[in-house]
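The values are calculated or read from the model by the stated rules, or taken from the named source; none is laboratory data. Worth saying up front: this structure is predicted, and the values here are computed from it rather than measured. Note: ideal-geometry Cβ built from the backbone for every residue, glycine included; neighbour counts use all protein chains shown.
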Amino acid sequence: MSLMEHLEELRRRLIICVIALGAGSLPSWYLYEPLKDLLQKPYCTFLSENPSFRPFEGPCALYISGPIEGFTLKLKIVLYLGLVLALPVVLYQLWMFIVPGLTNRERRYAFPFIASALILFAGGAIFAYYSMPRGLSFLLGFAGEGVVPLLSFDRYVSFVVLVILAFGVSFLLPVLLVFLEMVGVLTPQRLASWRRWAFLGIFVFAAAITPTGDPLTLFTLAVPMYLFYEAAILIGRLLRRQKA
């Protein structure tokens, strides 16, 4: 394909992704309340475990500071959920965009590629969600005694989504490495020679994105990522044997 044909193909794939996002956002509008409660639950858990951080007596609550903030916040959450629902379509379009550069044998990996990416992303997101109360306790504890947080719902949601995305994307490491091996950018031998640096880089990355800052959570994230790295080397070697 020429450069213009590649750009035209990319434009078509992006349009499909935007349509999928819109289609996923429609049911998300009616799922706003349960999703809002789900996002708020880690904060409520944090307050129940740390009652001294309660700004007021009564049930846990997050706050808005403007008359239109409630609408913009709902729209943001709906788009987030719409993107999650559209993720299978987005990944499929990504795969179909790169398929012309792959062999017939490599094209058969479309379903494993999409399924493994979804499962790994979900695993990272779930890990981030359940570590959120400890993360809030660690971060808000820096203010010291006598300081009570009054959290904006908008900023809280942005923080939660950012952490979930960071953990979800980090769990996609093996999918990315196997893909780079398939297109010839990396080789299993090269990845194996980078083991020491990869080990160090993974632990530094895990320390940077772990919200709690405690060694247990850091190791819980870093160890699976390194095992994913080793799994990518093993899968790359198996793929090379199949080609041979």
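If you check every pair at least six apart or on different chains, which have Cβ atoms under 8 Å apart with a residue in the range 137-152 that is closer than 19 Å to Q40 by Cα and part of a helix (DSSP H, G or I) first and a residue that is of a type in the set (D, E) and modelled with pLDDT of 75 or more second?
Short answer, once both residue conditions are applied: S137/E49.
Among the numbered conditions (1) at pLDDT below 85; (2) of a type in the set (A, V, I, L, M, F, W, C); (3) farther than 30 Å from S65 by Cα, tell me where I202 comes up short.
With (1) at pLDDT below 85; (2) of a type in the set (A, V, I, L, M, F, W, C); (3) farther than 30 Å from S65 by Cα applied to I202, the lone miss is (1).
Would you point out which residue out of A192, A232, A198 is touching a helix residue (DSSP H, G or I) at 6+ places or on another chain (Cβ under 8 Å), more than 30 Å from L35 (Cβ to Cβ) and surrounded by fewer than 17 Cβ atoms within 10 Å (Cβ to Cβ)? Explain how you work it out, then say what you get.
Numbers: A232 fails: surrounded by fewer than 17 Cβ atoms within 10 Å (Cβ to Cβ); A198 fails: surrounded by fewer than 17 Cβ atoms within 10 Å (Cβ to Cβ).
A192 is the lone residue from the list that is touching a helix residue (DSSP H, G or I) at 6+ places or on another chain (Cβ under 8 Å), more than 30 Å from L35 (Cβ to Cβ) and surrounded by fewer than 17 Cβ atoms within 10 Å (Cβ to Cβ).
Suppose we filter the range 164-174 for residues that are surrounded by 21 or more Cβ atoms within 10 Å (Cβ to Cβ) and in a helix (DSSP H, G or I); how many remain? So that I can check it myself, show each step before the final result.
If we filter the range 164-174 for residues that are surrounded by 21 or more Cβ atoms within 10 Å (Cβ to Cβ), which is where we start, we get 164, 167-168, 170-171, 173-174.
Still in the running and in a helix (DSSP H, G or I): 164, 167-168, 170, 173-174.
Adding up the residues that qualify gives 6.
Do we have V157 as at pLDDT below 85, in a helix (DSSP H, G or I), of a type outside the set (K, R) and within 23 Å of the chain's Cα centre (by Cα) here? Don't jump to the end; show me each part of the working.
Details: at pLDDT below 85: no; in a helix (DSSP H, G or I): yes; of a type outside the set (K, R): yes; within 23 Å of the chain's Cα centre (by Cα): yes.
Considered against the rule, which asks whether it is at pLDDT below 85, in a helix (DSSP H, G or I), of a type outside the set (K, R) and within 23 Å of the chain's Cα centre (by Cα), V157 comes out as no.
Here is a check on your reading of the model: is F121 at pLDDT 85 or above, crowded, with 18+ Cβ neighbours inside 10 Å, under 23 Å from L10 (Cβ atoms) and out of contact with any His (no Cβ under 9 Å at 6 or more places or on another chain)?
Numbers: at pLDDT 85 or above: yes; crowded, with 18+ Cβ neighbours inside 10 Å: yes; under 23 Å from L10 (Cβ atoms): yes; out of contact with any His (no Cβ under 9 Å at 6 or more places or on another chain): yes.
It is true that F121 is at pLDDT 85 or above, crowded, with 18+ Cβ neighbours inside 10 Å, under 23 Å from L10 (Cβ atoms) and out of contact with any His (no Cβ under 9 Å at 6 or more places or on another chain).
With the requirement that a residue be crowded, with 18+ Cβ neighbours inside 10 Å, under 30 Å from A143 (Cα atoms) and at pLDDT 85 or above, what does the range 51-79 give you?
Residues of the range 51-79 crowded, with 18+ Cβ neighbours inside 10 Å: 53, 62, 73, 77-78.
Going one step further and asking which of them are under 30 Å from A143 (Cα atoms), we end up with 53, 62, 73, 77.
Across the range 51-79, the qualifying residues are L73, I77.
Can you tell me how many residues in the range 92-118 are of a type in the set (A, V, I, L, M) and either at pLDDT below 75 or outside any helix (DSSP H, G or I) (or both)?
Taking the range 92-118 and keeping what is of a type in the set (A, V, I, L, M), we get 94, 96, 98-99, 102, 110, 114-115, 117-118.
Remaining after also requiring either at pLDDT below 75 or outside any helix (DSSP H, G or I) (or both): 98-99, 102, 110.
The number of residues fulfilling the criteria is 4.
Yes/no per residue for (1) basic (K, R); (2) assigned to a loop (DSSP other than H, G, I, E, B):
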{"position": "K41", "(1), (2)": "yes, no"}
{"position": "S48", "(1), (2)": "no, no"}
{"position": "E57", "(1), (2)": "no, yes"}
{"position": "G66", "(1), (2)": "no, yes"}
{"position": "I77", "(1), (2)": "no, no"}
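State the number of residues belonging to the range 127-148 that are in contact with a Phe, Trp or Tyr (Cβ under 7 Å, 6 or more places away or on another chain) and surrounded by 15 or more Cβ atoms within 10 Å (Cβ to Cβ). Show your work before the answer.
Of the range 127-148, the ones in contact with a Phe, Trp or Tyr (Cβ under 7 Å, 6 or more places away or on another chain) are 127-128, 133, 136-137, 140, 148.
Filter once more, keeping what is surrounded by 15 or more Cβ atoms within 10 Å (Cβ to Cβ): 127-128, 133, 136-137, 140.
Selection size over the range 127-148: 6.
Testing V178 on (1) over 19 Å from P224 (Cα atoms); (2) in a helix (DSSP H, G or I); (3) β-branched (V, I, T), one condition comes back false. Which one is that?
Exception for V178: condition (1).
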